1. Please identify every one of the GluC sites (Glu not before Pro) in region 110-172 that sits in a loop by DSSP and has no more than 13 other beta carbons within 10 Å of its own beta carbon.
2. Tell me the carbon and sulfur percent of the accessible area for region 62-185, rounded to whole percent, probe radius 1.4 Å.
3. Work out from phi, with θ = phi - 60° and the Karplus expression 6.51 cos²θ - 1.76 cosθ + 1.60, the ³J(HN,Hα) of each residue of region 79-93, listed in order in whole Hz, and give x for Gly and Pro.
4. D for region 37-119, whole µm²/s, Stokes-Einstein with Kirkwood Rh over alpha-carbon pairs at 4 °C and 1.567 mPa s: what number?
5. How long is the gain from ALA196 to TYR141 if the chain were fully straight, where each residue apart is worth 0.36 nm and the alpha carbon distance is subtracted?
6. How long is the gain from THR18 to SER80 if the chain were fully straight, where each residue apart is worth 0.36 nm and the alpha carbon distance is subtracted?
7. Expressed in nm to one decimal, what extension gain is obtained for the pair LEU30 and THR47 from 0.36 nm per residue of sequence separation less their Cα-Cα distance?
8. Ignoring ligands, DNA and RNA, what accessible area per residue does the chain give at 1.4 Å, in Å²?
Amino acid sequence: MTGVDIAPLEIPDAYVCTPRAYGDDRGTFLEWFRGDKLAEVIGRSFTPVQANHSISRRGVLRGIHFADVPPGQAKYVYCSSGAVLDLVIDLRVGSPSYRKHAVMQLDDVDRRGVFLAEGLGHAFLALSEQAHVTYLVSTPYNPAVEHAVHPLDPELALPWPAEIGDPQLSDKDAAAPGISAAERDGLLPSYDACLAFYATP
């Protein structure tokens, strides 16, 4: 029986989704995303309106990215080829887990995915020589409401593996503020606003 097993991560409103894979002499089949099962677990629907696909060389670090709430941008992240170290960071000011993170490896072996709700930050580091990552997102790209926090901010002390060397960042991510500056400047979403948004039919 096909399907996916969904379990909460250490950060509230983030989940790991593990598909049940079935193989034979032809290869492997799995359902890497099940919106109906996800909705049962999170208590609301996640309707993707855009699918993004990134290809990263080993050592490329993307993030920490997030969007204003509202409109917010929920994400389902899946690594179809290679491996990445994937982090969800709670950027919601007032959250019980504010500034904390959840970490896991996404790869083409276990083929797990991660769902993160609006207001949470996301970042990943490519571990393989080349990594393909697909993102299903709830809102289309809108640069006016999208922001970043620096992924190497020492206040966050995220567990990027030292053996990869110095991560390669985009110019935008390298110029992003640390979390204290982002909070001071009012860039971060509030936990109360996120909870109200999640409860909206």
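1. GLU129, GLU155
2. Accessible surface attributable to carbon and sulfur in region 62-185 totals 51 percent.
3. With the stated coefficients, region 79-93 comes to 9, 7, 8, x, 8, 9, 8, 10, 10, 10, 10, 7, 9, 7, 5 Hz.
4. 91 µm²/s
5. Fully extending the segment from ALA196 to TYR141 adds 17.6 nm.
6. Full-extension gain reported as 21.0 nm.
7. Result: 4.1 nm gained on full extension.
8. Value for the chain: 48 Å² per residue.
The values are calculated or read from the model by the stated rules, or taken from the named source; none is laboratory data. The model shown is predicted, which means the values in this text are computed figures rather than measured ones. Cβ atoms come from the backbone with ideal geometry, glycine included; neighbour counts cover every protein chain shown. Surface accessibility is based on the protein's heavy atoms, side chains included, excluding ligands, DNA and RNA. Shrake-Rupley method; radii C 1.70, N 1.55, O 1.52, S 1.80 Å.
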